[in-house]
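Visitor: One structure coming up, written as structure tokens, with questions to follow.
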Amino acid sequence: SDAICSFVICNDSSLRSQPIIFNPDFFVEKLRHEKPEVFTELVVSNITRLIDLPGAELAQLMGEEDPKLPGANSTASGFFRSLMSLKRKEKGVVFGSPLTEEGIAQVSQLIEYLHKNLRAEGLFRVPGNSIRQQILKDALNSGTDIDLDSGEFHSNDVATLLKMFLGELPEPLLTHKHFHAHLKIADLTLFDEKGNKTSTPDKERQIEALQLLFLILPAPNRSLLKLLLDLLYQTAKKQDKNKMSAHNLALMFAPHILWPRNVTANDLQENITKLNNGVTFMIKHSQKLFKAPVYIRECARLHYLGSRAHTSKDDLDLLTSSGSKELQPLKSQKRSRLDSCHQEETQQCTEEALKELFRHVHNMPDSAKKKKLIRQFNKHPTAVTPGSDAPTSPAPRRTRSRSFSGLIKRKVLGTPVILERKSRDTTPEPVRVSKENVQLLQKCGSPAHMSQAKMKSLEGQKEESCRRLRARLLSKDSSSL
């Protein structure tokens, strides 16, 4: 029973594809078995956050003081206590003995049989045959195998025997230490907008408090309680057949589950309604009560990951909120890197698309539409030509040359050799063109995108204008001489 889990290496390839069962309460159970004092302190600190337990009641819950139960000092209670102690001496290994795993294994046979026979009307309320019950009781005490499906026993016999087993335990299934805590859980109600208590039960806080209380129950009590509440839950689901609702079942089992031993109904007169309603609530919400709260799981997990500080639910909320704030700068940095990468990819795709569009326009036949598209490309600052890999910045604008007339004069006066040497070493200076040529260039578009015929005609016009200008200069020089 001390083993929490076992690891088995499976070499069968057919079984490796089976789903892995993960127990979310693994670290909780590990902490309970290995460090019970730390586990109890963690759970009790959260219980006191939900319900108000004075010093004496808290000491009783922790086991530091004997529980003070109602009617414990009366004469009747002393008589019942002595009578029950005499009966316990005559009991066997199962009935009347403290709860053990062996006793649970024997009683679980009764629970399994009742799961198959939940439709019997008046189940747990109608008593069975006393003779058959005694035969079955002796068989359980002796540890012999019982065939309940043989038809020898009735479902009412088995149900009555189960209640008898619970009633003969030395203390109720939820123990005497937890009695006052359960009374406080019944008083958990909602608050209105002004902060005043209402009569509406706070179900969420009640479920959370019961989850915590069940965590610190002794292991045999917790195991049997889960089996029993599951059985009662399934019985209440079939109340249309067996006529046993959750409240009716609570009336049958509250004295065995929650009522202190050796007390009468008069001693519990003020609290009977609370106790019965509490058991009714347990039956209705039994499927949620045996799961550890999320913050308890997290604290147990952190304990085995190196953290020594145990926090409550409120502290855990603060830790998670602060952790999320620390992650915000990291998230923003990651988002900015993704945005920059996305922008680079978008820009690259745009450049490729422009290149492909320019190639398509350049291969079009000569027309007015082609000239218009080319002019639009030249005006666009990011236009990319097919021969270039990336857009280049426009060339700096050159200053206007003032040596054009001097160039003509030097050629006429016999200095062409020097000019040819200079032209080999340096780039040629820009040539001024006439106003007619400028208008012609604007009509035809960029020289880089003109046809060969237009380029030849333009060069011919330039040579003709230069020849006329040279003739005028020669005539002026001759007249001056």
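The values are calculated or read from the model by the stated rules, or taken from the named source; none is laboratory data. Fair warning: this is a prediction, and the values are worked out from it, not measured in the lab. For neighbour counting, all protein chains shown are included, and Cβ atoms are generated from backbone atoms with ideal geometry for every residue, glycine included. Calculation scope for accessible area: heavy atoms of the full protein, side chains included, ligands and nucleic acids excluded. Shrake-Rupley method; radii C 1.70, N 1.55, O 1.52, S 1.80 Å.
Visitor: May I ask you to derive the relative contact order of the range 92-295, considering only C-alpha pairs under 8 Å and at least 6 residues apart, and to give it as an integer percent?
Guide: Here the relative contact order equals 27 percent.
Visitor: To continue, here is another question. Taking the mean number of other Cβ atoms within 10 Å as a proxy for protection, how do you rank 216-228, 109-121 from highest to lowest?
Guide: 216-228, 109-121
Visitor: For the range 154-233, count all C-alpha to C-alpha pairs, find those more than 15 Å apart, and express that count as a whole percent of the total.
Guide: Taking all Cα-Cα pairs of the range 154-233, the fraction more than 15 Å apart is 68 percent.
Visitor: Additional query: Give me the log10 of I(q) over I(0) for the range 92-295 at q = 0.07, 0.13, 0.15 Å⁻¹, as the Debye formula computes it from C-alpha points; what are the numbers?
Guide: Listed by q, the Debye log ratios stand at -0.22, -0.74, -0.97.
Visitor: Give me the distance in nm between label points sitting 7 Å out from Cα along the Cα-to-Cβ direction at K370 and D192, one decimal.
Guide: 8.9
Visitor: While we're on this one: What's the carbon and sulfur percent of the range 92-295's accessible surface, probe 1.4 angstrom, rounded to a whole number? Please report the intermediate quantities before stating the final value.
Guide: Values: 4610 of 9160 Å².
The C+S portion of the solvent-accessible surface of the range 92-295 is 50 percent.
Visitor: So if each residue of separation counts as 0.36 nm, and I subtract the Cα-Cα distance between K291 and V361, what length gain in nm does that give?
Guide: 18.0 nm
Visitor: Starting from the amide H of L190, placed 1.01 Å from N in the peptide plane, find each other amide H under 5 Å away whose residue is 5 or more places distant or on another chain.
Guide: So L190 has HN proximity to T198, T200, D202.
Visitor: Would you kindly state how much longer the chain becomes between A353 and S97 on full extension, computed as 0.36 nm times their sequence separation minus their alpha carbon distance, in nm to one decimal?
Guide: The span from A353 to S97 would gain 83.4 nm if fully extended.
Visitor: Distance in nm between label sites at R468 and R205, each 7 Å beyond Cα in the beta-carbon direction?
Guide: 10.6
Visitor: Counting only the backbone N, which residues of the range 103-128 are under 19 Å from the spot 7 Å out from the Cα of S150 toward its beta-carbon?
Guide: Zone members listed by number: 106-114.
Visitor: On to the next question. Under a point spin-label approximation (7 Å from Cα along Cα-to-Cβ), what is the R49-M62 distance to one decimal in nm?
Guide: It works out to 1.8 nm between the two label points.
Visitor: While we're looking at this one, here's another question. Using the beta-carbon distance between I272 and R301 and R0 = 41 Å, what value does 1/(1 + (r/R0)^6) give for FRET efficiency, to the nearest 0.05?
Guide: On the way: r = 41 Å, r/R0 = 1.01.
So the FRET efficiency works out to roughly 0.50.
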